Amino acid sequence: MFKKGKMYGITGKVGAGKSSILAAILSEIPYYSGNINLKGSIVYVEQGPVIFSDTIKNNITFGASY
């Protein structure tokens with residue numbers, strides 16, 4: 001069970017269903033079994049890849065000290 005005031009993340013391999021479970025929770029796709037009971041709000045921030053024309057190190061640290 002999720003607790004109020006806590007932050008949770010979903011991780012897994014490519015194709016494991018991470019995006020699908022989030023889409024089902026947000027009622028963007030149907031789910032066929034189980035229950036989703038929501039109290040409060042959900043925030044979903046989709047992440048797109050960003051790669052700069054720079055070194056690998058600066059793409060990871062964004063110029064911050066290593």
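Name the single residue that is surrounded by the most Cβ atoms within 10 Å (Cβ to Cβ) among those in the range 1-25 being in contact (Cβ under 8 Å) with a residue 12 or more places away in the chain and among the β-branched types (V, I, T).
Residue satisfying both the conditions and the ranking: I25.
What are the residues in the range 15-43 that are part of a loop (DSSP other than H, G, I, E, B), among the aliphatic types (A, V, I, L, M) and modelled with pLDDT under 85, if any?
Answer for the range 15-43, where residues must be part of a loop (DSSP other than H, G, I, E, B), among the aliphatic types (A, V, I, L, M) and modelled with pLDDT under 85: L26, I36, L38, I42, V43.
Surrounded by 10 or more Cβ atoms within 10 Å (Cβ to Cβ), in a loop (DSSP other than H, G, I, E, B) and among the charged types (D, E, K, R): does that describe E46?
On the way: surrounded by 10 or more Cβ atoms within 10 Å (Cβ to Cβ): no; in a loop (DSSP other than H, G, I, E, B): yes; among the charged types (D, E, K, R): yes.
So E46 fails the test.
Could you list, in sequence order, the residues of the range 32-66 that are within 30 Å of I21 (Cα to Cα) and either among the basic types (K, R) or in contact (Cβ under 8 Å) with a residue 60 or more places away in the chain (or both)?
Answer for the range 32-66, where residues must be within 30 Å of I21 (Cα to Cα) and either among the basic types (K, R) or in contact (Cβ under 8 Å) with a residue 60 or more places away in the chain (or both): just K39.
The values are calculated or read from the model by the stated rules, or taken from the named source; none is laboratory data. Computed from a predicted structure; not experimentally measured. Glycine gets a Cβ as well: all are built from the backbone with ideal geometry, and neighbour counts include every protein chain shown.
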